[in-house]
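Working notes, beginning with the structure itself.
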Amino acid sequence: MTAITSTRLSDGRELIYFDDPGTNAARAAGPADQRGLPPRGEPGEVRFDALTDEWVAVAAHRQARTHLPPADQCPICPTTPSNPSEIPAADYDVVVFENRFPSLGPALGPVPENAAWGTKGPAYGRCEVVSFTPEHTGSFSTLSETRSRTVIEAWAQRTEALSSLAGIKQVFPFENRGADIGVTLHHPHGQIYAYPYVTPRAGVLGSAAQRYYEKHDGRETLTGSLLKAERQDGSRMVMEGENFSAYVPFAARWPLEIHLVPHRHVPDLAALSGEEKDELAHVYLDLLKRLDALYPTPTPYISAWHQAPLVPELRASGYLHLQLTSPRRAADKLKYLAGSEAAMGAFINDTTPESVAERLRATVPAPATAAAEAAPSQGVPA
Ligand SMILES: [Zn+2]
């Protein structure tokens, strides 16, 4: 079992240790944050864009946030005498804490109703940082399977906890990997945003899923039907497991795009069974290793968990899945979102989904690293 220990940083932010099975969780309850940080500020602002019916968060206060600090001043390495970091413990496995420079929050509440031109409100919500490892270098793909499983447990626990907070309408765990994606911190980590509104993309996907679900009287889901069709066709499949399968979508937008889908219809990570999470720990690592094996240098990517929004009309038809995308179109070339994509949202993909799937299937994932092999090998209980 993953041990979970919650504590508070000196400015009141919540910090939660998630320990691998077999780790002495008592260490996490050790030293408190000694930094005496100033109180947290007020939230930024959300403004309603009447041109698109979308909320935009205005977070000017984030300009002061940490940007690519040197390794000896990393804010998510364990605390040392010379680097009193965000993590008070001298060691940890996985840790989640409230972002000191959040785009949303720390206050919670609803966005204004009946939004129209000129409507604005506090940027309520919560932004959390998920550190995957105490090691400053490496990436998710170099974690052990045991550690991967602990991160998944953290995502699931945070999804459940954040979903119950006042005003939250969507919980989004994600990872930006690589400076090309705009990462401001090299230490392997991800983030979780809890929004007070359904994001534009989740709204579009959710509406399509809802229409399909209603057309089939609640017996078929759009994502479930797509998964079935992709598995029958086979040409875009990347891998098939007992509980999860991955494919390149029929109309992929990005040079590299993979969707990882559970076979069972669940709304979010919190609804996965122990057995499903065990398999996910393996297949997610496998996919990331395939991405990294495509080119001589690590592949930048965005790993985005799409979970059913917390609004009744989109909840039942919502279907958990991961969208893993990369702008890399050659060893030394990135796709930039230019006129057609950025201005019109009209994507033009220079690769065919079938050829990308073939490459990913043929790729042999790199073997586990020495660090991953040296990690504790306790079995993860189902
Ligand atoms: Zn670090």
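Bear in mind that the values in this text are calculations on the coordinates, not laboratory data. Bear in mind that the values here come from a model prediction, so they are computed numbers and not experimental data. Virtual Cβ from ideal backbone geometry, glycine too; neighbours counted across all protein chains shown.
The translational diffusion coefficient of segment 133-205, from Stokes-Einstein at 25 °C and 0.890 mPa s with a Kirkwood hydrodynamic radius over alpha carbon pairs, comes to 176 µm²/s. Once the mean of 1/r is taken over each pair of separate Cα atoms and inverted, segment 251-327 shows a Kirkwood hydrodynamic radius of 13.7 Å. Under a model in which nothing but the beta-carbon of Lys, Arg (+1) and Asp, Glu (-1) is charged, segment 201-374 shows a dipole of about 480 debye around its Cα centre. For a 4.7 Å threshold on C-beta separation, the list of partnerless cysteines in the chain reads CYS127.
Thinking of segment 3-198 as a set of Cα atoms, what percent of all their pairs are more than 23 Å apart? Of the Cα pairs, 45 percent sit more than 23 Å apart.
Dipole size of segment 220-260 about its Cα centre, with +1 on Lys/Arg Cβ and -1 on Asp/Glu Cβ: approximately 120 debye, rounded to the nearest 20. Here the scattering of the chain is modelled by Debye summation over its C-alpha atoms, one equal scatterer each and no solvent; at q = 0.09 Å⁻¹ the log10 of I(q)/I(0) is -0.53.
Each 10 Å bin from 0 upward holds the following percent of the Cα-Cα pairs of segment 156-266: 11, 30, 42, 15, 2. The protection proxy used here, the mean number of other Cβ atoms lying within 10 Å of each residue, ranks peptides 312-325, 212-225, 147-160 as follows, highest first: 147-160, 312-325, 212-225. Report summary: the helix-based calculation at 222 nm, which adds -39500 (n - 2.57) for every DSSP H run with n ≥ 4 and divides by the residues of the chain, gives -7000 deg cm²/dmol.
Across segment 201-374, how large is the tail of the calculated P(r) beyond 24 Å, expressed as a percent of all Cα pairs? When all Cα pairs of segment 201-374 are counted, 40 percent exceed 24 Å.
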